[in-house]
Structure formats: C-alpha cells, structure tokens
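Nothing in this text is a laboratory measurement; each read-out follows from the coordinates by a stated rule. Remember, predicted model here, so these are calculated numbers, not experimental data. Positions of Cβ are backbone-derived with ideal geometry, glycine not excepted, and every protein chain shown enters the neighbour counts.
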C-alpha cells in the first residue's frame, strides 16, 4: 500500500489527490509544514504533496531548496509534488529544478494529479533502467570507486563512460590529491585496451636530463652512461595507455617530441634516427592551468590544444563533501582487508569535524589520515584520539549547542553529550593549567576517569601546559 502525506489547508484537495491513485492508499493530511519532518521520521511515505504558500512561510534564508533538502535527506526515495497557484508557476518550476519531482496547479484536478503521478512513475522506471545499464558498464572492482552523491562527480563519471571506449586523448585537471591517477586507470580498465599495458609516468618526479630518455628511450652511447639501448615508455605502452601525470613539468624538448607523437604517432629514441610508431593512448593530468601557461609561453600552445581534446575536471574534496561518508567507508573496507582488523565506522564527532575541514590535500590527505587513525585505534570505531588535534579546533565553541533534529533522538543526544564533555574538560584543564589531579578533584571524578575522557575526546594535557608557559 502506498502512503501519501499532503500539506494543505483545503480538505477537498486531499480527497481529489486520493482519487488519483487507483489502488488503496494511506493518506495523511496536515496544515503545518513544520509537522512534515516529525511525520516522515515516524512513518514511511512514498509521496509528499505540499502547498507552495504554506512552505513559503517556512523558508530558510529565502531558499526553497534549503526547505526541501532536509525532507529529502529523511526520505531519499520520496516523490515531492508542489501545489501552486497559476501566478506562482515560475516558483514551482524553480523548485522542480532544485529537487522536487513535479508540480500541479490550483484548482487541484484529479486528472492532472493522475497525469503527474504517471509521468513521475515512468521517469523513475526509465532512470532505474539507465542506472542498471550504467552499472553493467562498470566492472565489478570499480563499483566502489564510482559511488557518489556529488552532482559534479556524477558528471565526471558520465564523461568517463563516454570517452573510455575511444582512443581520444584525455586530460584530467584538478588539485593535487583529487584522484586523477585513479580515474586514469578507470578509463583504461573500461576501454578496449584493458588487456594491454597501462604505463604511468610522473613527469615531475623525473630529472629533466632523463625525462626525454624515460619517455622515448635512447640508443646505446647516446649520452654518458647510456651503456645499452633502452626502450621508452611510449614504446612499451604501444597498444595500451600511457598516463602522463603532472604534464605541465615537461621540458621544452620533451614537449616537441610529445606533440609529434600526438600528431602522427611517431618518435625517435634519444641518439637514434629510426622512426618508431606507437598507437598508445595518452591520458594526461595536471594541477596547473595549462591554458595560462601556454599564454605565458612556458607551455607550447599547439601541444596544449592537442592535449585538450577531452578535458575532465576533478572537483576538490571540499566541493564534494557529501561523498565523505562513502570515501571513509571505502578506505575502512580496504584497511580492514590489509590489516586484518574490524573497524566499521568513525565517531560522529570525528565525521562532524572532517566535514568542516577544507582538505587542502583532498582525497589523498583523507586516505593518509584514515590510515594513521586506523593503525592507532584499538576500538571498533575511529575516535578523535587517532586524528590530528587541529582538526577538532575548527568548530566554533558556541555557547548554544546545535540541535540535530535530522537524526534519531538517541544519536543527537549522544552527539550533544560528546560536545558538552569535550568543552567541559577543555575548560577545566585550561583553568587548572593542565594539572590532572586538580582538574579531577574539581570535576568530582577520579584521575583515571578524567584520563579516559581525555583519551576519548583526543585532549592532551600538554596543550594547556604549553599555553601557561607562553602566558
């Protein structure tokens, strides 16, 4: 049986909506938008019909999407239909763009409701079929990598699906640590070259004097120390894929030879005259602005245009923070396999602070922090103890603690208690200049209990002693 929640002040409209559903439905009607969240937390609803004017009275910061988002987070599968007067159709359309499923106009018509409901159902079926086909495209070992809730990353994976099967040159742009090498391998694994070589070259890690030889090989005696002929990476990658990371660091001479490879698929070894052919597919990556570099003259314009055939920009982690729980789960799963431990999650206080961190090192920084915390952790949950203390100094120590109404009461209560305990202990140690005995006595607990609480919240007495010395 389907369940409907209707937010309207007109009883007759609720009945018209009910008649639009052929099967028996459970329908609840409320007049106050503020009651929607509690209703959704108590029962599962398939549909939410909401009056635009009623919802407008509860807008947060003048943004309708911020009003809908909490409800969608509570019930991710719910279909939201906006009910609007004809003069407010533009606002209703805007809400559809921001996440609502569709809209109907007043006066409510059973036929219009039925048409909208059928359209939404058909769209959902088509989307499920598309998702199934997309999942069939991805190999089993890639399914964890492609899980995302970020619209920007959804677009990235769409582009990868489109270009993977071609031999088109791809350039991946983005900050250091965003996962460009992982995506390069993903493109190769889903191409028709998947059984051939994937050669990765970090151009910035090879000395300028050796870079050309590394990429294109050299003949015996080509330079001092060239005791025998060496095959270059382009020769080895023939028929496969070569990934050129930090391509902006290429020397001018290497840029010229790379341009020749991209233009006609030929090159010569250093010190050699033989023309060698290669059909290696080139995937490049950079964390610099190659277009600006080409304008300044530090990077060849013609090479930039040859590389920039199919650009894919990887967003930084701070712009896809909604993926943080999924990334944490991914790294925990991998660490459990590697270290034979069983840590399944992170403490809510840790996740709260990680979500507010700016992540200058992006996904690579998260991976390193997770591994460090994992090694240090003895419990089944990653606690603040294993993470750098500066991560937990970012939140404003506000006098009024936030009320987390978007989670179960027990979870919200535990988070509030953790916040209170941490603030209390830090203030206590601050007043007592880090002295454990005096702090425990003032709190009315044993020194062992205080040490346990400090360990739980990642608090170290040395912080407060250091402050005393500086004073």
A chain fully extended from residue 56 to residue 9 at 0.36 nm per residue, minus the present Cα-Cα distance, gains in nm 15.5 nm
Rounded, prolate or oblate, given the Cα gyration tensor of the stretch 168-247, with a/c below 1.5 counting as rounded? oblate
Under 8 Å for C-alpha pairs, at least 6 residues apart: give me the relative contact order for the chain, rounded to a whole percent. 11 percent
Using alpha carbons only, how many degrees (0 to 90, rounded to 10) separate the axis of helix 409-431 from the longest principal axis of the chain? 70 degrees
What percent does the relative contact order of the stretch 195-305 come to when contacts are Cα pairs within less than 8 Å and at least six residues apart? 30 percent
Where a ≥ b ≥ c are root eigenvalues of the Cα gyration tensor, a/c under 1.5 meaning rounded, otherwise prolate if a/b exceeds b/c and oblate otherwise, the stretch 246-303 counts as prolate
Using the basic label-point model (7 angstrom from Cα toward the beta carbon), what is the residue 264 to residue 44 distance in nanometres? 6.5 nm
Scaled to the compact-protein estimate 2.2 N^0.38 Å, what is the alpha-carbon radius of gyration of the chain, rounded to two decimal places? 1.28
Counting just the Cα atoms, what span does the stretch 151-315 cover along each of its three principal axes? Round to the nearest Å and put the largest first. 54, 39, 27
How would you order 72-84, 146-158 from highest to lowest mean count of nearby Cβ atoms within 10 Å? 72-84, 146-158
Theoretical ellipticity at 222 nm over the chain - DSSP helices of four or more residues, -39500 (n - 2.57) apiece, nearest 500: -14500 deg cm²/dmol
The Cα extents of the stretch 257-349 along the principal axes, largest first and rounded to whole Å, are 60, 33, 21
Cα long-axis angle, helix 324-339 against the chain (0 to 90 degrees, to the nearest 10): 60 degrees
What share of the DSSP beta bridges in the chain is antiparallel, in percent to the nearest 5? 10 percent
What is the spin-label model distance, in nm, from residue 416 to residue 390 if the labels are put 7 Å beyond Cα along the C-beta direction? 3.3 nm
How far is helix 362-376 tilted off the main Cα axis of the chain, in degrees rounded to 10, range 0 to 90? 80 degrees
Between residue 368 and residue 162, what's the calculated FRET efficiency when r is the beta-carbon distance and R0 is 41 Å? Round to 0.05. 0.80
From the C-alpha gyration tensor of the stretch 2-130, pull out the three semi-axes of the equivalent ellipsoid (sqrt of 5λ each), sorted largest to smallest, in whole Å. 19, 17, 16
Whole Å is fine, so just give me how far the alpha carbon centre of the stretch 162-235 lies from that of the stretch 350-395. 33 Å
Give me the Kirkwood hydrodynamic radius of the stretch 409-470 in Å, from all C-alpha pairs, to one decimal place? 12.0 Å
With the 8 Å Cα cutoff and a minimum separation of six or more residues, the stretch 409-470 has a relative contact order in percent of 36 percent
